[in-house]
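Mind looking over this structure? Questions follow.
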Amino acid sequence: MTYRRDEQAFFNDVYKAAFPVLFRVVLRIVGDQESAEELCHDAFIRLYQHSTTLPDIDQARYWVLRVGKNLAFNLSKRRGRERKALERVFHEPGRSSRSADRDTLEDETLATVRSAVDRLPKTLRDVIVLKEYGEMPYAEIAQVLAISEGNVKVRVHRARERLASLLEGIDVQFRE
């Protein structure tokens, strides 16, 4: 098998460019650092296996972001299904979204905002997570989601409007 480039250097360059953003996005979706790290590593293993089919670093970066995001959403869905199954089996009420340790106003606010983001439709949730948590520019979000940049802007605007209406009347406090 002949490579048209140094595959190890290519992989390292993609890793350096994509990992920080990918980790923030995946962490936001799954909510715990250990799972986020594992999913990011899974995404990069898949990148390593498919790197010869990707023409350049930018395409590889978009590809690994899309794969990592999808892995995170799949894990989140699976956890939700498992939690519901356990609740049915043991007839236990669902866990509250706020743990006993999270008693500060900031933690309560973050939980409220996360809950509101989770209630958004998937198309709006995807763009707002990539924009706000992944801190990605519109053009990159368009590449990751395989939609136009204009569509990304519209979806971000709609997601922000929907979040504003979901959070209306709630005292939301953020760090200064």
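Could you tell me the distance between the Cα centroids of region 117-158 and region 17-36, to the nearest Å?
Here the two parts' Cα centres lie 16 Å apart.
Please compute the modelled spin-label separation between Leu167 and Glu7, points set 7 Å along Cα→Cβ, answer in nm with one decimal.
Rounded to a tenth, the inter-label distance reads 4.5 nm.
Still on this model: Assuming R0 = 25 Å, can you tell me the calculated FRET efficiency for the pair Ala111 and Lys153, based on Cβ-Cβ distance, to the nearest 0.05?
So the FRET efficiency works out to roughly 0.35.
Values in this text are rule-based calculations from the coordinates and carry no lab data. Note that the structure is a prediction, hence the values are computed from the model and not measured. Cβ atoms come from the backbone with ideal geometry, glycine included; neighbour counts cover every protein chain shown.
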